[in-house]
Structures are given as C-alpha cells and as structure tokens.
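Working notes, structure below.
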Amino acid sequence: MSKKIESHLSENRIFKPSREFSKKARVSSMAQYRRMYKESIDKPAAFWAREARELHWQKRWKKVLDWKPPFVKWFTGGRLNVCENCVDRHLTNGRKNKAAIIWEGEPGDKRILTYHQLHQEVCRFANVLEANGVKAKDRVLIYMPMVPEAAIAMLACARIGAVHSVVFGGFSAESILDRLEDSGATAVITADGGYRRGKIVELKTSVDEALRKYKGVKRCIVYQRTGEKINMRRGRDVWWHKEAEKASSSHEPKGFDSEHPLFILYTSGSTGKPKGILHTSGGYLVGTYTTCKYIFDMRDDDVYWCTADVGWITGHSYIVFGPLANGVTQVMYEGAPNYPDFGRFWNIVEKYGVTTFYTAPTAIRAFIKAGDKFPDRHDLSSLRLLGTVGEPINPEAWMWYHEKIGSGRCPIVDTWWQTETGAIMISPLPGCTPTKPGTATLPFFGVDAAILDDEGNECSADEGGRLVIRKPWPSMLRTIYGDRNRYRKTYWNDYKGIYTAGDGARTDKDGNFWIVGRLDDVLNVSGHRLGTAEVESALVSHPDVAEAAVVGRPHEIKGQGIVAFVTLKEGVRTAQTTDKILKGHVAKAIGAIARPDEIHLTPALPKTRSGKIMRRILKELVATGGVTGNITTLEDFSVVSNLQKNLKK
Ligand code: WTA
C-alpha cells in the first residue's frame with residue numbers, strides 16, 4: 001500500500017499514503033493542503049471562523065482575533081461552554097447512545113460510557129462541585145488515576161467555569177504542594193489510589209502530605225478506586241460516590257467568555273520552578289477540535305486510542321477536549337503498557353478494534369526491545385492510522401512502528417507540539433503528506449513556523465536554527481499563571497512579536513521540519529519534560545549535598561537519561577550518602593520519572609571564573625568521555641581531568 005522510494009540513506013525514504021486512504025480523507029491531496037494552508041495564513045480570521053462555527057456558541061463572537069503581542073484574544077465577545085461542546089452537543093446529533101469512553105482498568109475491569117451516560121455523570125459531578133462551594137474561576141487541583149472520572153472531573157470543572165490544574169499521578173507530594181501554592185487552589189479532586197504495574201499507587205496519601213503544609217484547600221473530593229483504607233479528614237474530605245448520590249443528573253451549562261480560563265498545566269522550564277501554562281476556552285477548543293479532525297482524520301466509526309495520561313497536555317488535548325468535541329469513540333486504559341506483559345496494548349487494540357493509535361516514541365522503543373512476539377500474537381488489522389508525540393522519533397523506531405504495528409498500511413503522523421501550543425503544530429496530514437521517518441513534516445493550518453538564526457534571519461534548508469512561530473494561533477498559551485513577565489521573557493524575548501519554542505530544528509529541501517531537541521536546559525525523559533534546574537534543586541535540598549549539576553545523556557529507551565554530578569558538603573563521608581539515597585531523594589521530591597540514572601560524586605564541578613557551572617563540558621564528558629570544546633574560561637582545569645578519570649572507572 002505505501003510506496004517506498006528506494007534509497008539506502010534513511011532520510012530519503014519517503015512514504016506516501018495509499019490512494020484508498022487519501023480518497024476517504026478530509027484532506028486528500030497536497031494541492032488541497034497548500035490551498036487551505038495559504039488561506040489559513042493569509043486570512044486567518046476567515047479560516048478559523050469557519051472551523052469555530054462547527055462548534056456550539058451560546059453567543060457568536062464579535063472579532064475573531066485580537067493580537068497585541070505577546071497577548072492574544074480569540075473569538076472576543078463570544079460565549080460558549082467547553083463541556084457542552086464535548087458532551088451535550090452529541091445528545092442531539094445522533095451520537096447520544098454511541099460509546100464515548102471504552103475504559104479498561106489495569107486489573108482487567110471494564111466500563112463503557114455512552115455520550116448520554118457521560119452527560120449524566122458530568123452533570124452530577126458539576127452539581128457536586130457546586131454543592132461543595134466550587135465557583136467559576138476557582139482553581140481545582142486534580143490528582144487522579146486514569147479512570148473515566150479523571151475526564152469527568154475535568155469536564156465538570158469546565159462546565160461550571162472552574163479552572164482545573166491536573167497533576168500527573170506519578171508526581172510526588174512536594175510537586176502537589178508547589179502547584180497548590182502557585183495556583184492558589186481551593187479544592188482537590190483525587191482518588192484513594194490507582195493501579196500501576198500490579199501495585200497500588202496511593203494517591204490520597206500524597207495529597208494528605210501536601211495538605212499538611214498548604215491550608216487553602218476547603219474541600220477534597222475522593223473517588224473510590226481501590227477500596228484501600230485511607231485517611232478521610234472530617235470537614236474537609238468527602239467521598240465522590242456519596243456526594244454523587246445526592247446530586248441531580250441534570251445541570252444547565254452556562255456560557256462563559258471565549259477567553260475564560262479553562263486550565264493551568266504546569267511544565268518544566270530552564271529554572272527550578274515549573275511554569276503554570278494557562279489555556280483559555282474558545283481558541284483552545286477550536287484548536288484541539290480542528291487538529292483532531294484533520295490530523296487524526298476522525299470519523300464516526302473510528303475507535304481512537306491515545307495512550308497518554310491526563311496529567312500531561314497530550315491527555316488534555318487528545319483524550320479529553322479534542323476527541324470528545326469530535327464525538328469520537330475512544331479507548332482509555334488505566335495502567336502500564338507492560339502489565340502483565342508487553343502484549344497489553346496489542347491485546348487492547350485487538351479486543352476493541354482500535355482504528356487510530358497515538359503513542360510516544362519511548363513506548364515504541366520499549367516494545368521493540370521486548371520483542372516482536374508480543375504484537376505477533378495479536379490481530380492488529382483494525383488499525384488505519386498511527387501517531388507519535390513527545391520527542392523526535394528515531395528512524396528505526398518509525399520503521400518498526402510502520403512495519404510491525406501498521407503492516408506497512410497505516411500512515412504515521414509524527415506530531416510536534418508543546419504544552420504551550422495547546423494543540424498539534426507540525427504534523428503530516430494522513431491523507432496527503434509524504435512522510436519520512438524522523439520528521440514531523442509540515443506546519444498545520446494557521447501555523448507560521450520557521451527556523452531563524454541568532455540574528456533573526458530565516459535559515460536555509462539544512463541549516464540548523466531556532467524553531468519559531470511567527471503568527472498567533474487559537475490554542476496558544478495566554479500567559480504563565482501569575483507571571484506575565486516570565487511569559488514575555490521565556491517565549492517572546494528572542495525576536496520581536498515572534499514565539500520561540502525552545503527547540504532547535506532544521507528544514508530539508510522539501511520544507512519538512514526536523515526537530516533536533518531542546519536548546520534550553522530542559523531534558524526530555526520518556527517524552528516528558530524535566531528541567532535540569534528542577535532536578536538540581538531537588539538534589540541540593542538533601543542536607544548532605546553542597547552542589548549539583550545535571551545533564552542529559554542519550555538513553556536507548558527513554559530518549560534521554562539523567563546524569564547528575566554531585567559535590568557533598570565538607571565532612572560528609574561518601575559512604576553515608578550513597579547513590580541510592582540521593583536517587584530516592586529526587587524521586588521523592590519530584591516523582592519517579594526524575595530519578596537520576598547515574599550519580600557521580602565529585603569534589604568540585606567545572607566552573608567559569610565567575611562561578612557558573614559549565615554544563616556544556618559535563619554534557620560532552622558524558623557523551624564522549626572527553627572534552628574538545630573551548631575550556632579556556634574554566635577556573636580549574638584539574639576538575640575536568642579528575643572527572644574524566646572518574647567516568648572511565
Ligand atoms: C518535544 C508534548 C520532536 C519538543 C506534546 C517540545 C517533539 C517538547 C515532538 C514539548 C515531536 C514533542 N518531535 N520533538 N513530534 N513532540 N517534542 O510540553 O522538544 O510535554 O518542545 O508537550 O517535546 O513537550 P511537552
């Protein structure tokens with residue numbers, strides 16, 4: 001089906017969608033893509049108004065775009081209810097009894113919620129929130145396992161205009177505390193626990209620990225998932241099911257301003273403190289709706305499955321808001337991909353007839369390592385479209401995904417985007433774009449992507465530079481919560497009126513974008529962003545640690561692994577502060593995903609004369625074992641030669 005243009009250089013392998021796929025797709029030729037892309041760039045207001053009209057607005061907008069760089073408003077004057085668009089809209093368009101969520105728990109329990117049932121549950125929970133004093137604009141922290149109630153909680157918040165902030169269930173109590181304090185949350189929605197790799201993750205215990213230090217939370221609503229005994233504090237904690245019993249299953253969805261805040265999601269940056277990325281209602285919904293429609297080519301008989309967690313932006317945009325706004329049937333799975341073994345995902349694909357499968361390169365690499373016998377045991381013929389997100393996909397992984405999972409039949413959409421962009425920005429359209437392993441290919445409609453050099457000139461083909469977006473787009477972040485200056489400084493400081501993504505990239509002669517990786521001190525571990533500064537400050541918070549420097553190193557499965565260089569305080573004996581204690585300390589401070597792969601104790605770190613740690617040197621040392629770059633600014637040369645000897649051991 002897919003045509004392979006022969007070449008021995010991996011960059012030259014080109015795969016075109018089959019004629020059969022193209023014929024049925026929404027965008028079926030490159031000519032159509034170019035025509036629509038041109039309109040979206042030349043006349044963004046006309047383009048986006050047409051898309052927005054497919055959604056339900058309680059009051060039509062006055063102006064599509066109001067751009068005062070770096071602050072933007074979309075669909076100003078318009079009023080809508082995001083939840084109504086994702087749920088209620090489907091009760092009258094023929095989808096009422098269609099499955100919205102097909103859920104499977106890790107232990108094997110199953111549930112199906114139709115749009116009608118989802119509506120009842122969301123309404124009930126919106127009433128529960130209101131009965132518990134949650135109002136529009138209040139911040140609500142959500143810390144849940146991957147159960148339908150996670151999505152229900154998010155939708156119910158949106159329905160009443162409350163601003164949710166989901167914290168990934170793998171993050172620690174300290175991470176919860178940081179986010180409670182920064183957002184000023186007044187309510188928490190959590191569960192007793194969840195299942196992961198056969199074990200119970202005790203979510204409520206972590207919430208309790210955070211709430212011992214943060215006193216602003218008046219209500220904590222607890223969903224019962226595992227039935228384990230937990231602590232319920234009288235006057236503050238209530239059970240979801242008991243509250244729901246008292247609540248009505250109807251609830252009027254009020255219209256909110258298009259720029260009403262929808263959610264805050266924290267993500268890592270170059271400094272220690274995670275940034276609260278703020279997304280608002282109208283533009284975000286239009287962006288996620290439209291990208292789902294064209295990039296996943298969603299249709300009514302699809303069974304769509306995105307394997308992300310709702311704790312990440314991918315879960316927000318491509319499990320909750322985008323797919324539900326499209327009225328698709330989706331699979332949601334609670335647990336680990338390798339539980340009870342590496343066949344779990346393929347078992348789910350076969351069982352539910354998944355047609356569209358969206359996952360991360362790190363998962364694909366883990367599957368390759370586990371062996372072909374797992375996918376070989378399952379019938380994957382229902383699949384028609386595959387996707388990846390989170391990091392650059394290496395061509396070997398792309399080829400395996402294409403051949404082993406897609407049988408050479410399914411287009412792969414390698415989607416580049418960020419927490420900040422809200423929706424996919426660079427990606428093939430499955431019915432028309434020729435794909436090459438390793439590139440996210442071309443910008444989506446309305447996305448004016450370019451690669452600039454330090455002076456702001458556009459780079460020529462194959463010349464590396466910074467990835468930027470030159471025009472505002474509907475689902476872009478509006479600010480960093482509570483810190484407009486940091487928003488300006490982080491994204492709009494390199495070039496006037498232009499968004500810098502923080503990624504290095506180049507284009508090839510066909511205009512395809514190749515993402516090289518982050519330019520700032522952000523690591524990408526298993527597709528998840530972690531700031532080196534965050535890990536460093538976690539290390540330094542240990543009483544025995546004087547100083548720490550963290551760098552990434554290529555890792556076979558995770559993409560990047562974490563290597564830490566640590567100097568202990570005077571008088572601390574190294575035997576006391578073992579590797580294991582420090583690794584555990586970081587995991588406790590941030591979460592297991594931040595646990596360093598290697599810790600090297602060193603009497604000193606390489607520094608400039610002004611005292612700045614030279615991470616560039618450490619990076620080179622771990623990558624190559626030596627240092628070739630300019631080290632004349634180094635204060636003490638012996639530090640490097642000692643480290644070199646140490647690393648060889
Ligand atoms: C990286 C995840 C290459 C990139 C949606 C970006 C990618 C960061 C891709 C955002 C891709 C994401 N190809 N790199 N297809 N997708 N990235 O905020 O470095 O968790 O800046 O959003 O992941 O990570 P975030």
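The table below lists the values:
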item: Selection status of LEU519, under 30 Å from THR388 (Cα atoms), within 16 Å of the ligand (Cβ to nearest atom) and touching a Gly at 6+ places or on another chain (Cβ under 7 Å); result: yes
item: Number of positions in segment 603-639 that are among the hydrophobic types (A, V, I, L, M, F, W, C), farther than 19 Å from VAL535 by Cβ and modelled with pLDDT of 80 or more; result: 3
item: Segment 522-546, subset closer than 11 Å to HIS585 by Cβ and either touching a residue at least 60 places away in the same chain (Cβ under 8 Å) or open to solvent by 10 Å² or more (accessible area, probe 1.4 Å) (or both), residue nearest to the chain's Cα centre (by Cα); result: VAL535
item: Residue within segment 526-538 that is part of a helix (DSSP H, G or I) and within 12 Å of the ligand (Cβ to nearest atom) present; result: no
item: Residues located in segment 604-621, provided they are within 32 Å of the chain's Cα centre (by Cα) and closer than 26 Å to GLU570 by Cβ; result: LYS612, ILE613, MET614, ARG615, ILE617, LEU618, LEU621
item: Selection from segment 434-472 of residues that are assigned to a loop (DSSP other than H, G, I, E, B), open to solvent by 20 Å² or more (accessible area, probe 1.4 Å) and either touching a Leu at 6+ places or on another chain (Cβ under 6 Å) or among the basic types (Lys, Arg) (or both); result: ARG470, LYS471
item: Qualifying position, being touching a residue at least 40 places away in the same chain (Cβ under 8 Å) and on the phi > 0 side of the Ramachandran plot, among GLY198, GLY227, GLY235, GLY194; result: GLY198
item: Residue check for GLY387: of a type in the set (Gly, Ala, Ser), assigned to a loop (DSSP other than H, G, I, E, B) and either under 20 Å from VAL27 (Cβ atoms) or within 11 Å of the ligand (Cβ to nearest atom) (or both); result: no
item: Among (1) of a type in the set (Val, Ile, Thr); (2) more than 12 Å from the ligand (Cβ to nearest atom); (3) out of contact with any Cys (no Cβ under 9 Å at 6 or more places or on another chain), the one test that THR507 misses; result: (3)
item: Filter pass, TYR352 being among the aromatic types (Phe, Trp, Tyr), modelled with pLDDT of 95 or more, open to solvent by 20 Å² or more (accessible area, probe 1.4 Å) and touching a strand residue (DSSP E or B) at 6+ places or on another chain (Cβ under 6 Å); result: yes
item: Among (1) within 19 Å of the chain's Cα centre (by Cα); (2) away from the ligand (no atom under 16 Å from the Cβ); (3) among the aromatic types (Phe, Trp, Tyr), the one test that TYR495 misses; result: (1)
item: Residue list for segment 580-600, filter: outside any helix (DSSP H, G or I) and open to solvent by 60 Å² or more (accessible area, probe 1.4 Å); result: ARG595
item: From VAL550, VAL566, residue being away from the ligand (no atom under 16 Å from the Cβ), closer than 22 Å to TRP312 by Cβ and buried (at least 23 other Cβ atoms within 10 Å of the Cβ); result: VAL550
item: Counted residues, segment 310-327 - those being away from the ligand (no atom under 12 Å from the Cβ) and not in a helix (DSSP H, G or I); result: 3
item: All positions within segment 355-384 that are in a loop (DSSP other than H, G, I, E, B) and either away from the ligand (no atom under 12 Å from the Cβ) or surrounded by fewer than 22 Cβ atoms within 10 Å (Cβ to Cβ) (or both); result: THR355, GLY371, ASP372, ARG377, HIS378, ASP379, LEU380, SER381, SER382, LEU383, ARG384
item: Lone qualifier among THR490, THR500 - being in contact (Cβ under 8 Å) with a residue 40 or more places away in the chain and either among the β-branched types (Val, Ile, Thr) or farther than 23 Å from VAL389 by Cα (or both); result: THR490
item: Every pair of residues 6+ apart whose Cβ atoms lie under 6 Å, when the first sits in segment 636-649 and is under 12 Å from GLY626 (Cβ atoms) while the second is open to solvent by 50 Å² or more (accessible area, probe 1.4 Å) and among the hydrophobic types (A, V, I, L, M, F, W, C); result: none
item: Members of segment 570-615 found to be closer than 14 Å to HIS542 by Cβ, without any contact (Cβ under 8 Å) to a residue 60 or more places away in the chain and in contact with a strand residue (DSSP E or B) (Cβ under 7 Å, 6 or more places away or on another chain), listed by number; result: THR574, THR577, ASP579, LEU582, LYS583, ILE599, LEU601
item: Qualifying residue in segment 404-413 (condition: hydroxyl-bearing (Ser, Thr, Tyr), near the ligand (Cβ under 9 Å from one of its atoms) and assigned to a loop (DSSP other than H, G, I, E, B)); result: no
item: So ALA308, is it surrounded by fewer than 20 Cβ atoms within 10 Å (Cβ to Cβ) and within 20 Å of the chain's Cα centre (by Cα); result: no
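The values are calculated or read from the model by the stated rules, or taken from the named source; none is laboratory data. Note that this is a predicted model, so its numbers are computed, not measured. Ideal geometry is used to build each Cβ from the backbone, glycine not excepted, and the neighbour counts take in all protein chains shown. In case anyone asks, the SASA skips ligands and DNA or RNA and just uses the protein heavy atoms, side chains included. Shrake-Rupley method; radii C 1.70, N 1.55, O 1.52, S 1.80 Å.
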